[in-house]
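**Student:** Have a look at this one.
Values in this text are rule-based calculations from the coordinates and carry no lab data. Note that the structure is predicted; figures quoted are calculated from it, not measured. Cβ placement follows ideal geometry from the backbone for every residue including glycine, while neighbour counts extend to all protein chains displayed.
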Amino acid sequence: MFKNKKTKIDPNSTDTLIGEGSSFEGKIKSEAGIRVEGEMIGDIECAGDITIGEGGIARSNIKARNIIVAGQVIGNVTASEKLTIKATGKLHGNSTANDLSIESGGIFQGSSSMASQGLQAVSEEQGTPRNQK
């Protein structure tokens, strides 16, 4: 009579919003996108994209496909694709991403490393490593 029907969640959609004036403490894990306009304290893991809005503050370690920082992040971030720090954005922590973009005025205080996928692409472009002939 009733069927257990699982719908596939679109990682391109924004499913979770922490609104301006709201505060959330805990861990969030989501298949869809997340937008933070308020304050988030705790780790965030997202299969989709995460946006920290201009008024948003995340005291979090963040893992997501694409991360856009227009507000403030205090913690380490890992983007499987791209990390973008907007002109109003501040990232105080380390980053790992395949692609990093910092707009003029954006602040990044920490260290950055390319994800292993990016390193593999560079190795393939260069051909054989120097120590091998």
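**Student:** What does the extension gain come out to for Gln109 and Thr16, with contour length at 0.36 nm per residue minus their alpha carbon separation?
**Tutor:** Here the segment from Gln109 to Thr16 would lengthen by 30.7 nm.
**Student:** A further question on this structure: For the pair Glu25 and Ile74, how long in nm is the line joining their label points, each one 7 Å along Cα→Cβ?
**Tutor:** Rounded to a tenth, the inter-label distance reads 1.3 nm.
**Student:** Among Gly53, Gly42, Gly89, which residue has its Cα furthest toward the positive end of the charge dipole of region 16-93, with +1 on Lys/Arg Cβ and -1 on Asp/Glu Cβ?
**Tutor:** Gly89
**Student:** Between Glu81 and Ser101, what is 0.36 nm times their sequence separation minus the Cα-Cα distance? Round to one decimal in nm.
**Tutor:** Here the answer is 6.1 nm.
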